[in-house]
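Structure first, commentary second.
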Amino acid sequence: AQKVTQAQTEISVVEKEDVTLDCVYETRDTTYYLFWYKQPPSGELVFLIRRNSFDEQNEISGRYSWNFQKSTSSFNFTITASQVVDSAVYFCALTDPFRLTTGTASKLTFGTGTRLQVTL
Amino acid sequence: KAGVTQTPRYLIKTRGQQVTLSCSPISGHRSVSWYQQTPGQGLQFLFEYFSETQRNKGNFPGRFSGRQFSNSRSEMNVSTLELGDSALYLCASSLPGLAGDRADTQYFGPGTRLTVL
C-alpha cells in the first residue's frame, strides 16, 4: 500500500534559519511521482514541485531545494534563509500505482503534513 | 489564467441534510479530483472525474457522490450528513498528461469548509 510519512509534526525556526522538511515514502510501484504542496492559513494547497521516480537529480528554485534519494525512499525539502511568509503547512504526496486503463495516476496519497512556523 | 474556483467557500448544515459543492477547474483542464481534509484523517482522496466519467474512487461511503459536466465543471454531493463529514473539501484540476508523462500535476482550489451541526 502507498504510504507517505512526514515525521515532523511542527517545526519552529527564526527568520533566516535554514530548515529541512523530511518526507519518506513507501510504494511497490516502479513508476511514481512525488509532490510537495504548501498550505497557507487560507487553506488552498499550492503546488511547489513534482519529481518522477526516474529523475533523481536534485532541484533548486530560489530559496527552495529538494533532495530525492530513491535508495532511502526520501524526498526532503529545504528552505534556505527562511522568511515569515514561509509559515504554512507543507505536504508531501505520492501518486497511486500507475493505472494501465487510464494511463495516468490520478490519486495522491498525502503525508500528515509539517507545520512550519517562522518567527522574527 | 484563473485558478480553480470552489463555491461556496463556507457552509453550515445540520445532520441528515444533504449538500452540493461546486468546482470550476482551470480553463483547459479536463480532470477534476476531490479530497476531504480533516484534522483526524488528514487529506483523503474522494474521487476523480475525466470527460464526465468517474475514473478513480477513494474509500468513502456511497453517501459521497460526484459528477462532471461537459464543460469540465464538477459537483460533489453528500447526502444524509453526519457530524464526521465536517471538513475542508478541496477540489483539484489537472491537464491530461503529456505523451509518456504518467501523472498530471493537480492544482487545488481554496476549498469549501463544511460544518455539520
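For the reader, a short list of remarks on this structure follows.
- Relative contact order for the range B:13-117, counting Cα pairs under 8 Å that sit 6 or more residues apart, in percent: 33 percent
- Top of A:48, A:94, A:34 by mean-square fluctuation, Gaussian network on chain A, Cα under 10 Å: A:48
- For chain A, the relative contact order comes to 37 percent (Cα pairs under 8 Å, sequence separation of at least 6).
- Distance between the C-alpha centres of the range B:3-18 and the range B:42-116: 14 Å, rounded to the whole angstrom.
- Under the combined filter of DSSP loop state and at most 14 neighbouring Cβ atoms within 10 Å, the range A:1-39 retains these GluC sites (Glu not before Pro): A:15, A:17.
- Net charge of neighbours whose Cβ lies under 11 Å from the Cβ of residue B:111, counting Lys and Arg as +1 and Asp and Glu as -1: +1
- Taking the Cα centre of chain A as origin and assigning +1 to Lys and Arg Cβ atoms and -1 to Asp and Glu Cβ atoms, the resulting dipole is close to 320 debye.
- Local charge for residue B:6 was computed over the other residues whose Cβ lies under 14 Å away, with Lys and Arg +1 and Asp and Glu -1, and equals +1.
- Taking other residues whose beta carbon is less than 11 angstrom from the beta carbon of residue A:81, and scoring Lys, Arg as +1 and Asp, Glu as -1, yields -2.
- Under 20 Å of direct C-alpha separation, and excluding same-chain neighbours fewer than eight residues apart, residue B:57 reaches these lysines: A:3, A:107.
- Those aspartates and glutamates that a straight Cα-Cα span of less than 16 Å connects to residue A:38, excepting residues fewer than 8 apart in one chain: A:10, A:22, A:86
- Counting only Cβ charges, +1 for Lys and Arg and -1 for Asp and Glu, the dipole size of chain B around its Cα centre is about 160 debye.
- Taking chain B as a Gaussian network of alpha-carbon nodes connected by springs under 10 Å, the highest mean-square fluctuation of the residues B:67, B:30, B:15 belongs to B:15.
Where a number appears in this text, it was derived from the coordinates with a stated rule and is not lab data. Note that this is a predicted model, so its numbers are computed, not measured. Cβ coordinates were reconstructed from backbone atoms using ideal geometry, including for glycine residues, and neighbour counts include every protein chain displayed.
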